[in-house]
Amino acid sequence: MYGIVDCDNCYVSCERVFRPDLEGKPVVVLSNNDGCVVARSNEAKALGIKAGMPYFQLKQQYPNQDIAVFSSNYELYGELTDRVVSIIRKEAPAYFRYSIDECFVYFPKERKENNVQCSMLNVQSLKEWGENLHKKIKQWVGMPVSIGLGPTKTLAKMASHFAKKYKGYRHCCLIDTDEKRIKALKLYPIEEVWGIGRRYAAKLQAMGIKTAYDFAQMHGTWVRATFNNIVIYRTWQELNGIDCIPNEEMAKKKSICTSRSFNGMITDFETLRTHVSNYAVRCAEKLRAQNTVAGIVGVFVNTNPFREDLPQYWNFQEARFIVPTNSTIEIVKAATEVLQHIFVKGYHYKKAGVIVMGVVPDSPVQQDLFASNPEQTKKLKRLDEAIDRINKINGTETIVLGSQQYTKNNEMGKAAIKREENGACSSSSERKQARPKVKADVFANAIKHEHRSKNPTTRWSDIIELK
C-alpha cells in the first residue's frame, strides 16, 4: 500500500504559518520577478483568480479586494516543507520525497517486530494513521496536508485529490477495494490523471475517453500500440491496480534545470555570466542533495520574443565532464565556458538557464585514468560540504562564490558588490568604512521580489520579536 502526503496550497500555507491573520483571506504568491500568480488560497480561487494571471492584471481586475500578495520565497518554503518531511520520516515505515510539497510513503505487506510477522494492511489503522499524521503536521508545523492511500502510487495520488476536495474524508482518503477504485476512476477526469500530460489528454478526449475509468477499461495491447510510451502504459497498469512505477525513478531527477527571466533585459556579458553562475550553483546544490553527479552541463540564453522591435536570438550548447561531478566550482566553470561560446554582443537577453544532465548516483563514479586528480577531488568535496553546512545553519548564500555576485560602479567609480537573494552589497573599501548596504532595487537586473516575506526560521536577522 502506498500513500502520498501533499501540502495543501503549499506556498500559500507556508506564508500563513507566521501570518495567522491571513486565515480565511484571499492570498496569492507570485512567480520570479513578481510576474504572475503561481499559487492561490482557496479564497483566491473562489474570487476567480486563475493560475498564471499576470500581476498587473490582478490589480486591474480586483481593485477593491483585500488580497494578500507575496513574492516567491523558496528559502522559507523549502525549510518548512523539510520540517513536514522530517515528521513523515518518523511516522512512516518507508518514504521518498517526490517534490517540494509531496512525499510518498510505503507500507509493506508485512514487517517483523520481535521476530513476529505483523500485517501492515489493517484498513482501520491506515485511515487512522493518515488522520493522525495530518493532525500532527498541522500542530507541529502549521501546514495543512491531504493524504491519499492506495495500492499504487497513481491511485494514491488520486485519493489525495479526493481528500483535499471533500471534507468528509477528514484529510485522508483510502482506496483499498476494487469497488472504491472503480468509483474513484469514474469521478476522475482523464486530464487530471498523474502521468497523462496535456497532449495525451487531448488525444484521449478526442477518442471519447473522458475519465480515468474509460482509460482503465481499454485493453493493454491497444494502449501499447496507440501510444508507444512506457509512461502511459504504466499509468494504465497503475489505474488497474498493478504497482509498476519503480521507487528509484520517483526519488531522483534524471536532469535538473534552473532558469529565470530577468527583471529587465541584459546586454553585457558580465551580468549575464553572474546570473548563469547563480543558476549553476543551484543545480550543483540539488545534485548533492539527492546524492548524484552529472556528466553534462548545458546553458541556454534567449531574447524577449514579445519585443518584435528588437533583434531575436536563441542558443543552447553543452559541455561534457570526463568524470561526472557535483562540485559547485567545476559546474560553474563549465557553465561559464559554455556561455562564452553562445554569447553574442548586441542582443537584449531576457532569460537564461542551466541544465545538468546525465545524472547518476555519486557512488561509485568511474574515474579517468590519465586526467584523474583524487586529491583535488577530495578538496572540492570537503569545500562543498563545508559551504553547504554553513549555508544550512546561517541561511542560503551566507557563503557564495565570487562569480555569484553582481557588480556595479558606485558613485566613486569603484565596484560595489551585491548578493542576489538578500540585496547585501559592498566593496572592500565600503566594508572598511562600514557604509550602509545598498538596496537591492539599485540593481535593475537582480530578481524582483517587492512583496517578499521574511525568513524567521533560517535567518537571524529575520527572527520574530515578541512585543
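The values are calculated or read from the model by the stated rules, or taken from the named source; none is laboratory data. Please read these numbers as outputs of a predicted model, since none were measured by experiment. Positions of Cβ are generated from backbone atoms using ideal geometry, with glycine treated the same way; all protein chains shown enter the neighbour counts. The area values use the complete protein model at the heavy-atom level, side chains included, leaving out ligands, DNA and RNA. Shrake-Rupley method; radii C 1.70, N 1.55, O 1.52, S 1.80 Å.
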Using R₀ = 51 Å, calculate the FRET efficiency as 1/(1 + (r/R₀)^6) where r is the Cβ-Cβ separation of Phe306 and Asp462; round to 0.05. 0.90
In sequence order, calculated HN-Hα J values of region 144-160 (Karplus, 6.51, -1.76, 1.60; Hz; x Gly/Pro): x, 10, 10, 10, x, 10, x, x, 9, 5, 5, 5, 5, 4, 5, 5, 5
For Tyr166 and Leu401 in the same chain, what is the full-extension length gain: residue separation times 0.36 nm, less their Cα-Cα distance, in nm? 79.8 nm
Show me, for region 175-181, the HN-Hα J-couplings you get by feeding each phi into the Karplus relation (A = 6.51, B = -1.76, C = 1.60, θ = phi - 60°), rounded to Hz, glycine and proline as x. 9, 10, 10, 5, 5, 5, 4
Net charge near Ala51, counting Lys/Arg +1 and Asp/Glu -1 over other residues with Cβ under 10 Å of its Cβ? +3
Does region 13-68 come out rounded, prolate or oblate by the C-alpha gyration tensor, with a ≥ b ≥ c the root eigenvalues, rounded set by a/c under 1.5 and, if not, prolate when a/b is larger than b/c and oblate if not? oblate
How do the peptides 262-274, 52-64, 139-151 rank, highest first, by the average count of neighbouring beta carbon atoms within 10 Å per residue? 139-151, 262-274, 52-64
Measuring with a 1.4 Å probe in the full set of protein chains, what accessible area per residue, in whole Å², belongs to region 29-113? 50 Å²
Length gain on complete extension for the stretch Asn373 to Glu450, per 0.36 nm per residue less the alpha carbon to alpha carbon distance? 23.1 nm
First compute the accessible area of region 131-228 with a 1.4 Å probe, then give the percent of it belonging to carbon and sulfur atoms. 51 percent
FRET efficiency estimate (nearest 0.05) - Cβ-Cβ, Glu23 to Gln205, R0 51 angstrom: 0.85
So for the pair Ala319, Lys254, with labels modelled 7 Å out along Cα→Cβ, what separation do we get in nm? 2.6 nm
Packing-wise, with mean Cβ within 10 Å as the measure, how do 5-12, 291-298, 379-386 rank, highest first? 5-12, 291-298, 379-386
So the compactness index of region 159-206, its C-alpha Rg divided by 2.2 N^0.38 Å, takes the value 1.30
Reported to the nearest 10 Å², Ser363 has, with a 1.4 Å probe, an accessible area equal to 90 Å²
Please calculate how many Å² of accessible area region 186-338 carries per residue, with a 1.4 Å probe and no DNA, RNA or ligand atoms counted. 50 Å²
Leu187 paired with Glu337, simple spin-label distance in nm, labels 7 Å along Cα-to-beta-carbon: 5.7 nm
Expressed as a whole percentage, what fraction of the accessible surface of region 250-380 belongs to carbon and sulfur atoms when a 1.4 Å probe is rolled over the protein heavy atoms? 54 percent
Cα centroid separation, region 255-299 to region 192-224 (Å): 36 Å
